[in-house]
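Asks: One structure is given below, represented as structure tokens, and several questions about it will come after.
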Amino acid sequence: MTRMRTMGIVLVTVLLALALGCAKKPGAVPRPMPPPGATSGNELGTTPPPPAPEPPLAEPAIEMPTVAPENAIGSKNLDELNRESPFAPVFFALDSFDISAEGSAILQASARVLQRQPTWQLTIEGHCDERGTAEYNLSLGERRAVAAETYLVSLGIAAERLRTVSYGKEFPFDPGHDESAWSKNRRAHFVITAK
């Protein structure tokens with residue numbers, strides 16, 4: 001009888017050990033215990049703060065390759081480049097030479113083209129609509145061209161690569177005589193003069 005009792009105890013112990021072993025979650029990590037004397041948020045009636053999120057992994061730095069002048073755009077002659085210009089004009093409000101948010105985006109794109117083509121030189125033409133005197137429009141056109149030039153220089157383009165000229169109201173994009181035409185004529189226009 002003693003032997004049966006001993007086997008029963010051993011069997012119960014083994015079964016209990018197996019049951020406890022299976023109840024554990026695989027890969028569970030025990031919670032760290034607070035140091036002696038520390039109080040948890042639950043003891044004070046508050047919930048503890050959530051754990052801090054892990055910092056995001058940093059993106060690897062990628063260097064942009066410099067585009068060689070022999071690429072497709074660099075192999076075109078000046079006439080072809082200016083006919084299919086990679087530079088959009090910057091438009092201005094009436095009687096203004098302030099660079100708008102849209103103009104700023106256009107100039108940033110132009111600066112990227114100039115950075116990829118380090119030998120190119122530009123002439124920035126300042127233009128106006130037909131209203132106002134010839135003298136006023138020549139002066140305003142010059143301020144528009146200089147504003148575009150100053151912005152490009154602030155983006156790292158060497159001033160020696162840029163030249164400005166004002167044509168006032170002499171060469172309109174649109175020959176119309178209404179606001180639709182005038183808004184197209186108030187501009188800084190870019191011409192590639194050397195590559």
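Each value in this text was obtained by applying a stated rule to the coordinates, not by laboratory testing. Predicted model, so just to flag it, every value in this text is computed and none were measured. Note that each Cβ is placed from the backbone with ideal geometry, even for glycine, and that neighbours are counted across all protein chains shown.
Asks: Restricting to the stretch 163-179, and then to whatever is among the small types (G, A, S) and crowded, with 17+ Cβ neighbours inside 10 Å, can you tell me which residue is farthest from C128 (Cα to Cα)?
Replies: S166
Asks: Can I ask one more? Could you list, in sequence order, the residues of the stretch 178-195 that are farther than 24 Å from L81 by Cα, of a type outside the set (G, A, S) and either touching a residue at least 40 places away in the same chain (Cβ under 8 Å) or in a helix (DSSP H, G or I) (or both)?
Replies: Selection gives E179, W182.
Asks: Please go through the stretch 112-169 and pick out each residue that is part of a strand (DSSP E or B) and on the phi > 0 side of the Ramachandran plot.
Replies: Hit for the stretch 112-169 is G168, nothing else.
Asks: While we're on this one: Output the residue which, of all residues in the stretch 106-153 that are in contact with a Phe, Trp or Tyr (Cβ under 7 Å, 6 or more places away or on another chain) and farther than 24 Å from W182 by Cβ, is surrounded by the fewest Cβ atoms within 10 Å (Cβ to Cβ).
Replies: V113
Asks: Give the stretch 105-144 a look and list any residue that's aromatic (F, W, Y) and more than 27 Å from G156 (Cα to Cα), or say none.
Replies: Result: Y136, single match.
Asks: Here's something else I'd like to know. So for the stretch 92-108 (the condition being free of Cβ contacts under 8 Å to residues at least 60 places away in the same chain, in a helix (DSSP H, G or I), farther than 23 Å from E80 by Cα and over 20 Å from the mean Cα position of the chain (by Cα)), does at least one residue qualify?
Replies: Looking for residues that are free of Cβ contacts under 8 Å to residues at least 60 places away in the same chain, in a helix (DSSP H, G or I), farther than 23 Å from E80 by Cα and over 20 Å from the mean Cα position of the chain (by Cα), one finds none in the stretch 92-108, hence no.
Asks: Among the candidates V90, V113, which residue alone is β-branched (V, I, T) and touching a Leu at 6+ places or on another chain (Cβ under 7 Å)?
Replies: V90
Asks: Is at least one residue of the stretch 170-177 in contact with a strand residue (DSSP E or B) (Cβ under 7 Å, 6 or more places away or on another chain), in contact (Cβ under 8 Å) with a residue 40 or more places away in the chain, farther than 21 Å from Q108 by Cα and in a helix (DSSP H, G or I)?
Replies: no
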